[in-house]
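The values are calculated or read from the model by the stated rules, or taken from the named source; none is laboratory data. Quantities reported herein were computed from a predicted structural model and do not represent experimental measurements. Backbone-built Cβ (ideal geometry, glycine too); neighbour counts: all protein chains shown. What goes into the accessible areas is simple: the full protein's heavy atoms, side chains included, and nothing from ligands, DNA or RNA. Shrake-Rupley method; radii C 1.70, N 1.55, O 1.52, S 1.80 Å.
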Amino acid sequence: MSILTQRQEIILFSIVDDFLKVMMPISSKHLIEKYRLDISSATVRNEMVRLEADGFLTKPHTSAGRIPSRKALRFYIDMLNKQIGESEDQLNFNIIPEAGGDMDRNEMSRSLADMISNTTQYLTQVSLSEEDETVKGLFLTPITTNTLLLIIVLESGTIRKIPVEMDGNVTVPELEKLGNEMNVHSYGQPVSSLPSIIHAIRVRRQLGTLKSSIINAVVDGIGEPQQVVGHSGFNHLIHQISTDISTLQLLYDDMESDQLNDIIDLNTIDGVDVYFSDELNRDYDSISVIATNFNVNGMDGNLMIIGPEIMGYKEVIRLMYSIRNQEIRRSDRSDRE
């Protein structure tokens, strides 16, 4: 991997930054005039030649300027992440008030997607995880000699009924005692903690198999937290990559079937990450995806902004850091107050 000097980093960053604004090759004369560089035009040209030799720049045969390669774009994005992520001067883009009120998760995800897409002019997806609801009651009810029903009452009023196989030798008093203990220990606890709560309850050896069956049934019954997804701005992408019909069709199909989260590993996102088309888990062309995880009103969320491979990275990354950090900043203000 090439190690750049500080001067080369400044020149390369400036070239990419200007190219993304004008979408035209950048010349040494343009750099010196715009940034008032205290070096000669010949020095800038020599540095650009070295950057080209190292694979950061390419030179169209009809132009005296250079355009950035994929390698240069990755360098630029890494620099942006470092600069913006470490800066305290974050973009003032507040989603908290607009996303509050009486909105349910579906409405909130769609509202946030609309707001962000209207700001960025890119296709936007917002995913919000369902809240880990609180248990308000848990009961065991025998149905047959070999089957019982585990009834979980949640704070929202939702009632989950999960069938459990059992040994016919278990008596009704034993079931009542086990059910009472489970109810007492689980009351007011998150539903996701039920398996560990039930596991900690002590029972006589003959009931060990039943307890294991209940735990397995709970794990299968509550499953992983579901996500609600909102999309907005597909029309922007239609105009931006209008000639790539196959990618547009594939993206639309994945969006409609809520499979866009499968194109990257959401668990590996660190800060704000940018993925080019060949780095995605689908056969897309012509696009890049900028993604981050965030929290809004106590819910975990994921934000994806999808645009052409060459897009306004600086503005989008600043926006995403603002969204990612604002819950933390709000908490900090509350602590100080």
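Think of the chain as a dipole: +1 on every Lys or Arg Cβ, -1 on every Asp or Glu Cβ, centred on the Cα centre; then among 163, 127, 203, 127 lies furthest on the positive end. The gain in end-to-end length when the residue 309 to residue 250 segment is fully stretched comes to 19.6 nm, 0.36 nm per residue minus the alpha carbon separation.
Might you tell me the accessible area per residue for the stretch 110-238, computed with a 1.4 Å probe and given in Å²?
Here the residues of the stretch 110-238 average 53 Å² of exposed surface.
Estimated translational diffusion coefficient (Stokes-Einstein, Kirkwood radius over Cα pairs, 37 °C, 0.692 mPa s) of the chain: 137 µm² per second.
If you average over every viewing direction, what projected area does the convex hull of the Cα atoms of the stretch 132-195 give, in nm²?
Working: hull surface 16.2 nm².
That works out to 4.1 nm², a quarter of the Cα hull's surface.
In this structure, residue 87 and residue 59 have a Cβ-Cβ separation that, at R0 = 41 Å, corresponds to a calculated FRET efficiency of about 0.80. For the chain, the 222 nm mean residue ellipticity estimated from helices alone, with every DSSP H stretch of n ≥ 4 adding -39500 (n - 2.57) and the total spread over all residues, rounds to -14500 deg cm²/dmol. Selection among 182, 153, 41 by position relative to the dipole of the chain gives 41 as farthest towards the positive end (Cβ unit charges, Cα centre). Ignoring lysines fewer than eight residues from residue 177 along the same chain, the ones with Cα atoms less than 24 angstrom from its Cα are 136, 161, 211. Give me log10 I(q)/I(0) at q = 0.12 Å⁻¹ for the stretch 120-269, Debye formula, one equal scatterer per alpha-carbon, no solvent. Per q value, in the given order, log10 I(q)/I(0) is -0.64.
The heavy atoms of residue 35 offer some 80 square angstrom of accessible surface to a 1.4 angstrom probe. Applying 0.36 nm per residue to the separation of residue 3 and residue 267 and subtracting their alpha-carbon distance, the gain on full extension is 92.0 nm.
Note on exposure: 184, 126, 22 ranked by accessible area (1.4 Å probe, complete protein assembly) read 184, 22, 126, with the most exposed listed first.
Could you put 161, 34, 211 in order of accessible surface area, largest first, with the 1.4 Å probe and the full protein assembly present?
On the way: 161 135, 34 100, 211 30 Å².
Output order, biggest surface exposure first: 161, 34, 211.
Only protein heavy atoms count here; under a 1.4 Å probe, residue 270 has an accessible surface of about 120 Å². A crude spin-label estimate for the pair residue 201 and residue 36, with each label 7 Å from Cα along the Cβ direction, gives 7.5 nm. Paramagnetic label reach from residue 29 (point 7 Å along Cα→Cβ; backbone nitrogen cut-off under 16 Å): within the stretch 39-83, residues 40-46, 62-66. Note on the chain: with charges restricted to the Cβ of Lys and Arg (+1) and Asp and Glu (-1), its dipole about the Cα centre is near 800 debye. Partner lysines whose Cα lies under 27 Å from the Cα of residue 59, excluding those fewer than 8 positions away in the same chain, are identified as 21, 29, 34, 71, 314.
Each label was represented as a point 7 Å from its Cα along the Cα-to-Cβ direction; for residue 171 and residue 235 these points are 7.1 nm apart.
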